[in-house]
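Here the structure is laid out as C-alpha cells; the discussion comes afterwards.
The values are calculated or read from the model by the stated rules, or taken from the named source; none is laboratory data. Everything numeric in this text was worked out from a predicted model, so none of it was measured. Here the Cβ positions follow ideal geometry from the backbone for every residue, glycine too, while neighbour counts run over all protein chains shown. Just the protein is used for accessible areas: all its heavy atoms, side chains included, with ligands, DNA and RNA removed. Shrake-Rupley method; radii C 1.70, N 1.55, O 1.52, S 1.80 Å.
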Amino acid sequence: MSPLALSGTPLASGEAGVPVVPTAVDGVFSLLWLVVALPALGALVLLVGGRRTDRWGHLLGCAMPIGSFLLALVMFVQLLGRDHEDRQVAQTLWTWLDVGDYTVQMGLLFDPLSALFVLLITGVGSLIHIYSVGYMAHDDRRRRFFGYLNLFVTAMLVLVLADDYLAVFLGWEGVGLASYLLIGFWAHKDSAATAANKAFVVNRVGDLGMSLAVMLMVATFGTSSFVGVSAGMPETSEAVATVLGLLLLLAACGKSAQVPLQSWLLDAMEGPTPVSALIHAATMVTAGVYLVVRSNFVYELAPVAQTAVVIVGLVTLLVGAVIGCAKDDIKKALAGSTMSQIGYMMLAAGIGPAGYAFAIFHLLTHGFFKANMFLGAGSVMHATNDDVDMRHYGALRKAAPITFATFAFGYLAIIGFPGFSGFFSKDHIIEAAFGENWVYGVGALLGAGITAFYMTRVMLMTFFGERRWRPDVHPHESPAVMTTPLVVLAAGSLVGGVLILGDWIVEWLEPVVGPEEHHELFVPAIVLTGLIVLTVLAGVAVAWSRYGPSQTIADTAPTRVSAATRAARADLYGDALNEAVFMRPGQKLTAALVYVDDVLIDGTVNALAALVGGTSGTARRLQTGFVRSYALTMLGGALLAIAATLAVTLS
Amino acid sequence: MILLAEFESPKVEYATISPLLIVVGAAILGVLVEAFVPRAWRYPVQVGVAALGLLIALADTVRVGLALDTLDAGLLARGSLAVENSMVVDGPTVFLWGTLLVMSLISVLLFAERRLEGGLTSFAGQAAALPGTDAEREASTRGIEHTEVFPLLLFAVTGMLLFPASNDLLLMFVALEVLSLPLYLLCGLARRRRLLSQEAAMKYFLLGAFSSAFFLYGVALIYGFAGSFELADIDAAVSASSGANAYLLGGIGLMAVGLLFKVGAAPFHAWTPDVYQGAPTAVTAFMAACTKIAAFGALMRVFYVAFGGASWDWRPLMWVVAILTMVVGSVIAITQTDVKRMLAYSSIAHAGFVLVGFAGVYAGTGDVVGVTSVSSVLFYLAAYGFSTIGAFAIITLVRDAGGETTALSRWAGLGREAPVLAGTFAFFLLAFAGIPLTSGFIGKWAVFAAAWAGGAWPLVVVAVVMSAVAAFFYVRVIVAMFFSDPVDIKPAVAVPSILTTGVITVTALATVALGVVPGPVLDLAQQAGAFVR
Amino acid sequence: MNTEHYLTLSALLFTIGATGVLVRRNAIVVFMSVELMLNATNLAFVSFSRAHGQLDGQVAAFFVMVVAAAEVVVGLAIIVAIFRSRRSASVDDASLLKY
C-alpha cells in the first residue's frame, strides 16, 4: 500500500485543504447572475418562441454566449487586479430551500477556478455556436439546435458557478439532460436514440454518487454549501471523508466517462459534431475533474479516495488510448482520446496539491485542442457527405487546406510536440505523477506514447496517403463561418501554454487549491522531458511505419473495389494481418484491452440491465389477473407482518 | 346503569370541523339534486355543487388553519381535539385537508370533461345497461349520463378528510369505508371498455373488503390491549406495558395491512395495476392522488401517535415493506407495455419512496425543526399528487376510435404529432424521475434527507438506486414519444375543453413551481408541525 | 366465563372467513366469507368489551354491522352488474387485467 501511504502524507502534516471564504459581490461582479441568465434567456426564447424565431434564432443563439463571455472577461480582469485573499466573490440570488436549520441559497461563486471554467465554457462555447451556424445550415431544425446548445451552456455555467453542492447537482442534471437532447438530436437514426438512452441511464448511475454525497453532507454538516462543508471537513472523521470522496468520484466517473462508467461516451458520438466538440470534449465531460478539484478539501482528508481517483485516472488514460487505436470512425477515435486525456486530468487531480493546478491546466489546453480537432473532424465530414470512416478519407490536405492546417495544430498539441500547449500541460502531469510514485509515472508516460501513435494514425489516414473517397464524394473546404473558429482554436492550441509561464496558473489557483507541493524527482526535470519527447517520437514512428504514405496500398486496394460491406470486411482483415506482422504484441494487448472494455465492463453493465429486465419480465407474471391469488399474496403479507413484529420483539 | 337524566349530549366543535361538514353537506345536496332536478339541468348543477362545495371547504380550511391553538411551541404542535376526542384538527390535518381539497377540486374538472366523448362525460350512460345492447345505445343517443359520480366523489372526499383526522380507531374504520365504497363504484363506471372497468371494480371491492377486515381485526386486538379506541389512550397503554404483548403486536401488524393496502405498498399492492388500468382515467387520477394522501396521513397518525412508543417493534417491518415496494414498483414497471399500467407501477414505486420517509421516523432535533418525517411526507404527497393528476389527464387525450389508446407502442412519434402535449407529459415523467427543478426532486430529496437523519441510511441507499432504475422506464416513454417512428395508425390527440386544458396547465405549473421555489409549500409543511395527541 | 374461549372462536371464524376468500370461486360466496371475517371481529369486540367491563366494544360492534350493511349494498351492485355482462359470477373468469 505504498501509494496510499505516500498520498497520505499531507494529512499527517496537518494540512486540510483550503476552506472557501468568499466576499460579497460588488461593482461589476454584481452582474454575475447575468452570465448565467443570458444563455438561459436565449434558450427560453428559442425553445418557446417556436417557428417565429427560425429566421434569426441562430444569431440570437450565438449572441448570448458571446455576451456572457465578454462579461466574464471583464470580471476575470477585475479579479486579476485583486489580492489573493479577495479573489472569491459570492452572489446570493434567492433562497431555494429553507427548512429549519437547513437552507440552500441559490448562489453563485466566482473564484479563480470557476473564472477559468466560465471563460472556457463561454469562449469555446461561443466559437462552437458560430461554427454550428455553418454546420447546421441545411438542417431545418437549426433553431431548436441552438436552443438546446444555449440550454447546455446555461446548465454548465450553473454547474461551475454554484456555491452549493445541491445547486451543482442542479447544473449536473441539467447538462445531462441537454446532452441527452443533443445526442438524440438526429433521432431519425435509431442508433442516436439508443445512444441518448444509454448516456442518460449511465449518467444516472453516476448521479447516485452525487445525490448520496449531498445527503451525507447534509447529515454530517447540516449544510451542503462549499463554505460550510470546507469549514466542517477538518472536524469529521476520515471515514466520512473517504466515503464522501468515493461517492463524489462515482459521480465524476459517470459525467467524465471514466472507467467503469465510460461506455456511453463512444455511443454519444451519434450527436451532431459541434455537440461532440462542446459537450463531449471541451466542457461537460470535464465536469468530473472540476468536481474533484473543487472538492479538494474533501480529498485532502481522504487518502484512500485520492488513491482511487488516481487509479481510475490511470486505468482510463490507458483504456481510452487503446480504444483510440482500434477505431476507424474518426469521431470515435477522438472520443477514445478524450477519455484518455480526461484520465490524465483525473490522475493529476488525484495526486493532490502537487497536481490540482496541472489538472486544470491540461483541462484548459485540452478544451482548445480537442474542440479544435472535433470541429476539424466535423469539417472533414462536411466535406465527405457525413462519412465518418477514416478508411474512406486520405489525401484531404489538398482538398481542405485550412481544416488540415488547423487540425495539425491540434494534433501537435495533443501528442505534446514541444512548444505547443499540450506539451507543457502533459509534461507537468507526467512529472507530477513520477514525483508521486513511479508506477503512476510509467503509466502516464506509456499513455503519451500510445496517444502519439493513434493520433498520428488519425492524421495520416485522414489527410495523407492516397485518395480513398467514395465515388460520389467531392471534398471541398468548409465556409468561412466554420473555418474561422477553427483558426481561433488552432491559435489557442498553440499558445495555450503561456498560462504556465512563471507558474502563473499555479499561483492563480492557489486561493482555491492551496500552494503546489513540489516533489523531488529522481532525475532532473529536463531529462524526464527528454524521455517524454522520445516516447512520443517512438509512437509517431510506429504509426508512420504502418500508416505512412508508403503503406497506403495495403489499405486502399480493397476499399476501392466497391462500397459494399464485403470490401470493408476484407479491408479490416488486411489491416489485421498488417498489424499482426508489424506489432503482434501491441495487437494482442489492444485486443485484450478492447475485449476487457467490450465484454467485461460494457458486458457487466449490459448484463445488469438484462438481469433487471429479466427479473421484471418474470416478476410481472406474478400479477396473474386472478383476484384470489392477489388475496393469497395479501394473506401471506399479513402473516409476514405479524411474524415480523413478533420476531423483533421476542428476539 | 345510565339514567336518562345523566345523559349529556356530546360536544361538537362545529367551527373546527366545518370543512368536513361542508363537503358532506354538498354530497347530500348532490343526492337531492339527483332526485329533484330535471335531467337536462343535472350536469351543470351537479358540477356547480361539487366545485363550489369543495371551494368553500378549501376557504374554510384556511380559516381553520389560521385559528389553530398553539400547544407546544417547540415541536410546532398546534390544534385541538374535537367531537369528544374522536377527531383531531391539528397542523398535519389542516395541511392534508388543504391538499386533498385542491386535488379533488382538480379531479372534479376532469370528471366534468365532456368534449372528448362527443358531449358526454367519460362515465357510463347507464351502468345497469349491458355494454353493447340496445339499452346502452339508446342511453347514449338520448344523452343520459350518470351525474351521480359527483356526489359519489364528494362522499369519497368526505371519507378522505375524515381518515387522517380520526383520533379514534373506530371512527378511522368508518372513514376508511366511507372513502372506499364510493371509489369501488366509480371504478366500474367507464363508458368505454366496460368489462375491464367492472373487473377492476370487483377486484378493488373484494380485495378492499378483505383488507378492511384485517384492519378491523387489528382494531379489535388493539382495543383488547388498551381498552380504548382513542389514540392517546393507546399510546399511554403502550408506554405502560412492559415486554411483548401479543394483542398489541398482532394489532399493529393487522392494522398495518389495512393501511398499507390503501397506499398500495407491496405485498399488498396487487390491486393497484389492475384497478388503475381498468378504472375510468379520471377516477384513476383522483384515486392515485387523493387516496394516497389520505392513507399516508392516517398511517402516520396511527403509527406515530398511537404506536410511537413501540416504534422499534414495527420499524423493521416498515423497512422491509418500503424496500419491497420500491423494488416491485420500479422493476416491474420496466417491462410494461401500457402507459396507464406503467404509471400504476410507478405509483407503487412512489409509495415506496414515501414509505422511506415514513420509516425514517425522524421528528427533528430539540429546538430547531428541520425536515421531519411528517413534513417531508406531506410535501412529497402534494408534489406527487399534482404531477400524477396531470399525467393521467394527458392520458385521457391520446385517443383512437375505441377511446383512449394506452399501448406504449401507439404513443411512438407522439412528440412530432403533438409536441406541446408530449413535452408536458415528458416533463411530468421527469418530475416522477426526480430531475432537479421539478417538484419530484425536492420531494425525493426531502424524504430521503429525513430518513437519513432518522438513521435509515440503508433505506436511502436502496431508494436512490431504485430511483435510478425507475428513471429508466420513464425515459423509455420519452424515447418512444420523441425518438421513435410512429407505427401504422397514428393516435389522434383529442382537443379537450377548457376543463382538461386547465387541469394540465395548473398541474404542470404546480410541478414547476414546487421544484423551483418550493420554499412556501415546504415551509407550510414545516409549519404543520407535529401531530397533536 | 373466560373471554379467551370467545377470542379463540373469533380467531377461528376469522381464519375460516379468510380461507373462504381464498378457496371459493363464486363472488357472492367470497363476499360472504368477508362478512364472516367482519362478524368474527364483532365477536372479538364484544368479548373484549366484556373483559374490560366497558360498553365501547359493543358500540363498535353496532358500527361494524352498519358499515357491513353498506358494504353489502355496494358489493352486490358490483357483483350483479358484472354477472349481467359476463353471465358468470366466478371471480376467476374476470381476469383480463393482468401482468
Worksheet item: Non-local amide H neighbours of residue A:225 (under 5 Å, H modeled in plane, Pro and chain starts lacking H): which ones?
Response: A:165
Worksheet item: With all protein chains present, how much of the accessible area of the stretch B:104-204 (probe radius 1.4 Å) comes from carbon and sulfur, to the nearest whole percent?
Response: 59 percent
Practice prompt. Grab the other residues whose beta carbon is less than 14 angstrom from that of residue A:532, score K and R as +1, D and E as -1, and report the net.
Written response: -1
Fill in: Total accessible surface hidden between C and A, rounded to 100 Å², 1.4 Å probe
1100 Å²
Practice prompt. Report P(r) for chain A: all Cα-Cα distances, bin width 10 Å, range 0 to the bin holding the largest distance, values in whole percent.
Written response: 3, 16, 26, 26, 16, 8, 4, 1, 0
Worksheet item: the stretch B:315-337 to the stretch A:339-412: how many Å between their Cα centroids?
Response: 46 Å
Discussion item. So, for chain A, what is the accessible surface per residue at a probe of 1.4 Å, expressed in square angstrom?
Written reply: 35 Å²
Worksheet item: What accessible area, in Å² to the nearest ten, does a 1.4 Å probe give for residue B:284?
Response: 0 Å²
Discussion item. Give the average over all directions of the projected area of the C-alpha convex hull of the stretch B:33-149, one decimal, in nm².
Written reply: 10.3 nm²
Worksheet item: So what are the ³J(HN,Hα) numbers for the stretch A:194-205, from phi and the Karplus equation (6.51, -1.76, 1.60; θ = phi - 60°), rounded to whole Hz, Gly and Pro as x?
Response: 4, 5, 4, 4, 4, 4, 5, 5, 4, 5, 5, 4
Fill in: Under-25-angstrom lysine pairs by C-alpha in chain B, whenever the two are 8 or more apart or on separate chains
10
Worksheet item: What are the residues whose amide H is under 5 Å from the amide H of residue A:95, where those residues sit 5 or more places off or on another chain and H is modelled from the backbone?
Response: A:106
Item to complete: May I ask you to derive the relative contact order of the stretch A:83-158, considering only C-alpha pairs under 8 Å and at least 6 residues apart, and to give it as an integer percent?
Response: 23 percent
Fill in: Relative contact order computed over the stretch A:177-308 (Cα-Cα under 8 Å; 6+ residues apart), in percent
32 percent
Worksheet entry | Equivalent ellipsoid, the stretch A:171-279 (semi-axes from 5 times Cα gyration tensor eigenvalues, Å) | 33, 12, 10
Item to complete: Quick one: accessible surface of residue B:102, probe radius 1.4 Å, all protein chains present, in square angstrom to the nearest 10.
Response: 50 Å²
Practice prompt. Mind jotting down the three principal axis lengths of chain B based on Cα atoms? Whole angstrom, largest first.
Written response: 69, 57, 40
Worksheet item: In the neighborhood of residue A:89, defined by Cβ-to-Cβ distances under 13 Å, what is the net charge if each Lys or Arg adds +1 and each Asp or Glu adds -1?
Response: -4
Fill in: Karplus-derived HN-Hα couplings along the stretch B:416-425 (A = 6.51, B = -1.76, C = 1.60, θ = phi - 60°), whole Hz, x at Gly and Pro
7, 5, 9, x, 5, 4, 5, x, 5, 4
Discussion item. Using only the Cα atoms of the stretch C:14-99, what semi-axes does the equivalent ellipsoid have when each is the square root of 5 times a gyration tensor eigenvalue? Give whole Å, largest first.
Written reply: 32, 14, 8
Fill in: Helix-only [θ]222 nm of chain A, DSSP H runs n ≥ 4, -39500 (n - 2.57) each, per residue, nearest 500
-23500 deg cm²/dmol
Discussion item. Taking θ = phi - 60°, what integer Hz values does the Karplus form 6.51 cos²θ - 1.76 cosθ + 1.60 yield along the stretch B:109-123, in sequence order, with x for Gly and Pro?
Written reply: 4, 5, 4, 7, 4, 10, 6, 5, 10, x, x, 10, 6, 7, 9
Discussion item. Counting just the Cα atoms, what span does the stretch A:93-245 cover along each of its three principal axes? Round to the nearest Å and put the largest first.
Written reply: 58, 31, 27
Worksheet entry | Kirkwood Rh and Cα Rg combined as Rg/Rh, the stretch B:398-533 | 1.07
Worksheet, complete the sentence: Of every Cα-Cα pair in the stretch A:36-116, the percentage lying beyond 22 Å is 47 percent
Fill in: Positions from the stretch B:210-244 whose accessible area shrinks by 50 Å² or more when the full protein complex is built, not the chain alone, probe 1.4 Å
B:210, B:213, B:214, B:216, B:217, B:220, B:223
Worksheet item: For the pair A and B, how large is the buried accessible area, both sides, in square angstrom to the nearest 100, if the probe is 1.4 Å?
Response: 5300 Å²
Item to complete: Evaluate the relative contact order of the stretch A:27-73 (contact order divided by residue number), counting alpha-carbon pairs under 8 angstrom at least 6 apart; express in whole percent.
Response: 53 percent
Worksheet item: Given a 1.4 Å probe and no ligands, DNA or RNA in the count, how much accessible surface is buried by B and C, both sides, to the nearest 100 Å²?
Response: 3800 Å²
Worksheet item: Per-residue accessible area for residue A:264 at 1.4 Å probe radius, Å² rounded to 10?
Response: 0 Å²
Response to the item:
Rounded to whole Å², per residue accessible area for chain B with a 1.4 Å probe reads 30 Å²
Worksheet entry | Sulfur and carbon atoms: percent of accessible area, chain A [1.4 Å] | 69 percent
Practice prompt. For residue B:190, list long-range residues whose amide hydrogen, built 1.01 Å from N in the peptide plane, is under 5 Å from its own amide hydrogen.
Written response: B:124
Fill in: Radius 12 Å from Cβ of residue A:348, net charge of other residues (Lys, Arg +1; Asp, Glu -1)
-3
Practice prompt. With a bin width of 10 angstrom, please list the P(r) values of the protein assembly as shown as percents of all Cα-Cα pairs, from the 0 bin to the one holding the largest distance.
Written response: 2, 9, 17, 20, 18, 14, 10, 7, 3, 1, 0, 0
Worksheet item: What's the Kirkwood radius of the stretch A:390-490 in Å, using all Cα pairs?
Response: 15.2 Å
Response to the item:
Interface residues of the stretch A:608-632, defined as losing at least 30 Å² of accessible area versus the chain alone with a 1.4 Å probe, are A:612, A:616, A:620, A:621, A:623, A:625, A:626, A:627, A:628, A:630, A:631
